[in-house]
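Below: one structure, written as structure tokens.
What follows is calculated from the coordinates using simple rules that are stated; it is not laboratory data. Just so we're clear, the structure is a prediction, and the values are computed from it rather than from any experiment. Ideal geometry is used to build each Cβ from the backbone, glycine not excepted, and the neighbour counts take in all protein chains shown.
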Amino acid sequence: MQHAASSAVVVAGWHRMSYSFGDQTYISQELEKHIRKLHDAVGNAVTQGRYIIFGAGSTQLLNAAVHALSPNNASSPAKVVASIPFYPVYQEQTDFFRSVDYRFQGDASLWKNYSETSTDRMIEFVTSPNNPDGQLNEAVLQGQNVKAIYDLAYYWPHFTAIPAPADEDVMIFTLSKLTGHAGSRFGWAVLKDEAIYQRMQSYLTLNTMGVSRESQLRTLQLLKVVLQGGKDMFEFGHETMKKRWEILNNTISMSKRFSLQKIESHYCTFFQKVREASPAYAWVKCEREEDKDCYAVFQAGNITGRRGSLYFAGDSYVRLSLIRSQDDFDLLLHKLNKLVYD
Ligand code: PMP
């Protein structure tokens, strides 16, 4: 809202009508350049010598990456895993497409020994910081045939310290959690390997023939404003999230009925200091035996969270979103205070 005019986009009716950018790609070179600049400015990912590919949100890229890392027509499909608690879309999407090349196989930790010696391809989703619990996760599996997809949707200074630039083979980012423009459906992947890049590119070509021009144009305009502001947006984001986390912690700590996840402080290379936690979600545990259905406990207090079982963690957990509007957050606190003090 503070940059309403400079972040606005006006598009003439005749502008950019064709499929490609005239160079056989569906990617705006200008936008790609700005994405690299952004990662350099924030220091959260290495992009020199890396390929960049765009998707309709990171959602499209998650499956594109699974496809690209899976064997083609092998005798056994790739085993796709993630560490509990994990973002449910990894499983839902992998199951939904029912490919002969890959299959979802649940919790990563159960496959640790197997992965060390197996000749089967294994694909591990690593979410850092994690949705729902905000932890800076690392890959659990090791072995020659293990590939990781790093979902770095929340690896921005609003939500976490940035200890070092991420330098993984497959890294996925999204505008949804950077500026909040989730409805523009824009995400990108940063890739080390050319063959993986080509396989993801062919997925994108067959699936949607690239990302909407309007999305790319709007994203470019937003990134220009972000970059012009230096640290402004990140300071705003971090301050806002930190304040919310502090207030929430103070409220929850008044109660023995609920507890919140603990997140360690880390040195942040972006802010050049040790920073406290500022996660996107509260991962709340109901501590009492009789509150086995934590979701129902909050629902009774007029608070709608997401069930812990959606993340395969059990129903003594519930996830509350802290990245909605200020009004939503204020309302959440108001209702939470009632639950805690009544
Ligand atoms: N990954 C994670 C971990 C997420 O939490 C989300 C959004 N909730 C996404 C990916 C998908 O985001 P989008 O498709 O909007 O980029």
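Going toward the positive end of the dipole of the range 276-342, with +1 on Lys and Arg Cβ and -1 on Asp and Glu Cβ, which of 299, 322, 311 do you reach last?
Farthest along the dipole direction, towards plus: 311.
Determine by what factor the alpha-carbon radius of gyration of the range 91-224 differs from 2.2 N^0.38 Å, reporting the quotient.
Details: Rg = 16.2 Å, N = 134, 2.2 N^0.38 = 14.1 Å.
Relative to the rule-of-thumb radius for its length, the range 91-224 sits at 1.15.
Using 0.36 nm per residue, how much length does the chain from residue 331 to residue 209 gain when fully extended, once their Cα-Cα distance is taken away? Write out the running numbers ahead of the final one.
On the way: separation 122, 0.36 × 122 = 43.92 nm, distance 4.19 nm.
The residue 331-residue 209 span can extend by a further 39.7 nm.
Across the range 290-304, in residue order, what do the Karplus-derived ³J(HN,Hα) couplings come to in whole Hz, using 6.51 cos²θ - 1.76 cosθ + 1.60 with θ = phi - 60° and x for Gly and Pro?
6, 9, 4, 9, 5, 4, 5, 4, 6, 4, 5, x, 6, 10, 9
Summing -39500 (n - 2.57) over the DSSP H runs of n ≥ 4 in the chain and dividing by its residue number, what mean residue ellipticity at 222 nm do you reach, to the nearest 500 deg cm²/dmol?
Details: 10 runs with 120 residues, N = 342.
So the helix-based figure for the chain works out to -11000 deg cm²/dmol.
Once the piece of chain linking residue 110 and residue 198 is laid out straight, how much longer is it, given 0.36 nm per residue of separation minus the C-alpha distance between them?
Details: separation 88, 0.36 × 88 = 31.68 nm, distance 3.15 nm.
Contour length minus the Cα-Cα distance gives 28.5 nm.
How big is the range 158-275 by Rg and Dmax over its Cα atoms, in Å?
Every Cα atom of the range 158-275 included, Rg and Dmax give 18.4, 54 Å.
Grab the Cα-Cα distance for residue 95 and residue 259, subtract it from 0.36 nm times how many residues apart they are, and report the gain in nm with one decimal. Let's see the in-between values first.
Values: separation 164, 0.36 × 164 = 59.04 nm, distance 3.30 nm.
Net length gain for the segment: 55.7 nm.
If you keep only loop residues by DSSP, which GluC sites (Glu not before Pro) in the range 55-138 have at most 14 other Cβ atoms within 10 Å of their Cβ? Can you show the working numbers first?
Details: sites: 92, 116, 124, 138; in loops: 138.
Those satisfying the criteria are 138.
Which entries in 242/335; 262/292; 147/256; 292/335 show an alpha-carbon gap greater than 30 Å?
Working: 242/335 20 Å; 262/292 21 Å; 147/256 42 Å; 292/335 20 Å.
Among 242/335; 262/292; 147/256; 292/335, the Cα-Cα distance tops 30 Å for 147/256.
P(r) for the range 64-154: what percent of alpha-carbon pairs falls in each 10 Å bin, starting at zero?
Once binned at 10 Å, the Cα pair distances of the range 64-154 give 18, 53, 26, 2.
Starting from 0 in steps of 10 Å, tell me what percent of the Cα-Cα pairs of the range 221-342 lands in each bin.
With a bin width of 10 Å, the distribution comes to 12, 39, 29, 15, 4, 0.
Going by average Cβ density within 10 Å per residue, which order do the peptides 303-314, 53-64 take, highest to lowest?
On the way: 303-314: 18.1, 53-64: 22.6.
Highest to lowest by the protection proxy: 53-64, 303-314.
Please pull out the direction-averaged projected area of the range 281-342, using the convex hull of its alpha-carbon atoms, in nm² to one decimal place.
Values: hull surface 16.0 nm².
Its average projected convex-hull area is 4.0 nm².
If amide H atoms are built 1.01 Å from N in the plane of the peptide, which residues on other chains or at least 5 residues away come under 5 Å of the amide H of residue 166?
Placed amide hydrogens put 45, 46 under 5 Å from residue 166.
Please turn the phi angles of the range 169-184 into ³J(HN,Hα) values with the Karplus equation 6.51 cos²θ - 1.76 cosθ + 1.60 (θ = phi - 60°), one per residue in order, whole Hz, x for glycine and proline.
5, 10, 10, 10, 10, 8, 5, 3, 9, 8, 9, x, 7, 5, x, 6
Once you have all Cα-Cα distances for the range 227-267, histogram them in 5 Å bins from zero and send the whole-percent values.
Values per bin, smallest distances first: 5, 19, 19, 21, 14, 10, 6, 4, 2, 0.
Each label point is 7 Å from the Cα along the Cα-to-Cβ direction; what then is the distance between the points at residue 119 and residue 242, in nm?
For the pair residue 119/residue 242, the computed spacing is 5.4 nm.
Exactly which GluC sites (Glu not before Pro) in the range 216-285 are in a DSSP loop and have at most 10 other Cβ atoms within 10 Å? Can you show the working numbers first?
Numbers: sites: 235, 239, 246, 264, 276; in loops: 264, 276.
Sparse-neighbourhood loop GluC sites (Glu not before Pro): 264.
Evaluate Rg over Rh across the range 158-209, taking Cα atoms for both radii and Kirkwood's formula for Rh.
Values: Rg = 13.4 Å, Rh = 12.9 Å.
Looking at the range 158-209, the ratio lands at 1.04.
Can you flag which of 231/273; 177/338; 192/224 are past 21 Å Cα-Cα? If you can, show how the numbers build up before the last one.
On the way: 231/273 14 Å; 177/338 30 Å; 192/224 25 Å.
Pairs exceeding the cut-off: 177/338; 192/224.
Which residues' amide hydrogens lie under 5 Å from the amide hydrogen of residue 258, considering only partners 5 or more residues apart or on another chain, with H built in the peptide plane?
287
Check residue 80: other-chain or 5+ apart residues with amide H under 5 Å from its amide H, H built from backbone geometry?
Here 103, 104, 105, 123 satisfy the definition.
Residue by residue through the range 149-164, which ³J(HN,Hα) values in whole Hz follow from phi under the Karplus form 6.51 cos²θ - 1.76 cosθ + 1.60 (θ = phi - 60°), with glycine and proline marked x?
Those phi angles translate into 10, 8, 8, 9, 3, 9, 7, 9, x, 5, 10, 7, 5, 10, x, 6 Hz.
Taking Cα atoms of the chain, Rg/Rh with Kirkwood Rh, to two decimals? Each step should come with its number before you reach the end.
Numbers: Rg = 20.8 Å, Rh = 21.3 Å.
Reported Rg/Rh (Cα atoms, Kirkwood Rh): 0.98.
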